[in-house]
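Shown next, in structure tokens, is the structure this report addresses.
What follows draws every value from the coordinates through simple rules; no lab data is involved. Treat the numbers as computed from the prediction; the structure is a model and nothing was measured. As a convention, Cβ positions derive from the backbone with ideal geometry for all residues, glycine included, and neighbour counts pool all protein chains shown.
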Amino acid sequence: MDSANQDINLNSPHKGLGSDSLSDVPEGTGAAAVSPGTLPLGLTEEEAEELRLELTKVEEEIQTLRQVLSAKEHHASELKRKLGLSPLTEFKQNITKSWQDVQTSNAYLSASATLDDIASSEVYKKTQETLSQAGQKTSAALSTVGTAISRKLGDMRNSPTFKSFEDKVGNIKYKVVGGKANGESAHSPNESNPVQDNAPF
């Protein structure tokens with residue numbers, strides 16, 4: 001191969017392709033795959049030979065570009081390693097830069113200004129004040145209801161009806177449990193140490 005064939009044509013349409021894209025070229029489609037015995041229709045032997053030479057040259061350029069690209073990628077990886085740039089670090093930096101770009105964008109600044117205007121508007125302040133007052137009134141109402149319920153329960157417990165019910169429950173409890181603790185039969189309520197009628201449950 002002469003020096004002219006070794007020069008890399010950087011204006012070639014394949015110059016920006018990565019090694020993965022270039023490696024997709026089927027191996028059997030090179031110059032050797034074209035059999036000199038079979039020619040496509042309308043193609044002379046001289047034209048076919050010219051196309052074969054051009055195909056060989058292009059394949060050599062592709063191979064050279066692959067080697068150059070591989071060397072450049074390896075060099076870039078080494079530089080990143082020396083700088084302490086891992087894929088995760090690069091990802092974080094990209095996210096940070098993207099967020100900074102968003103914060104400085106016209107759309108974000110316009111939206112922020114609109115929210116500030118809303119927060120400082122009279123309607124927003126009145127709504128906030130109304131909600132605050134409603135919350136205070138609700139809290140006071142719940143407190144009043146709780147106090148009323150406690151008072152009602154206290155009144156009910158001190159009522160004659162409740163005390164009569166409590167006495168009856170105490171008598172039943174005494175009759176069922178009273179004398180069986182010592183293995184004796186139940187005592188009558190008239191014995192010397194009766195359980196008080198108003199004993200708690």
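Give me the extension gain from Asn94 to Thr114: residue separation times 0.36 nm, minus the current Cα-Cα distance, reported in nm with one decimal.
Working: separation 20, 0.36 × 20 = 7.20 nm, distance 2.80 nm.
This chain segment gains 4.4 nm when fully extended.
What is the calculated FRET efficiency for Val58 to Thr38, with r their C-beta to C-beta distance and R₀ = 25 Å, to the nearest 0.05?
So, using R0 = 25 Å, E works out to roughly 0.75.
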Original post:
Using θ = phi - 60° and the Karplus curve 6.51 cos²θ - 1.76 cosθ + 1.60, what whole-Hz ³J(HN,Hα) does each residue of region 140-151 get, with Gly and Pro shown as x?
Top reply: 5, 5, 5, 5, 5, 4, x, 5, 5, 5, 4, 5
**OP:** Sequence neighbours fewer than 8 away in the same chain don't count; with that in mind, list the lysines whose C-alpha is under 27 Å from Lys163.
**Re:** Lys152, Lys173, Lys175, Lys180
**OP:** With label points built 7 Å along Cα→Cβ from the Cα atoms of Thr161 and Val145, find their separation and express it in nm.
**Re:** 2.4 nm
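To the nearest 0.05, how large is the calculated FRET efficiency for Lys168 and Glu122 if R₀ is 45 Å and r is the Cβ-Cβ distance?
Working: r = 66 Å, r/R0 = 1.47.
After rounding to 0.05, the efficiency reads 0.10.
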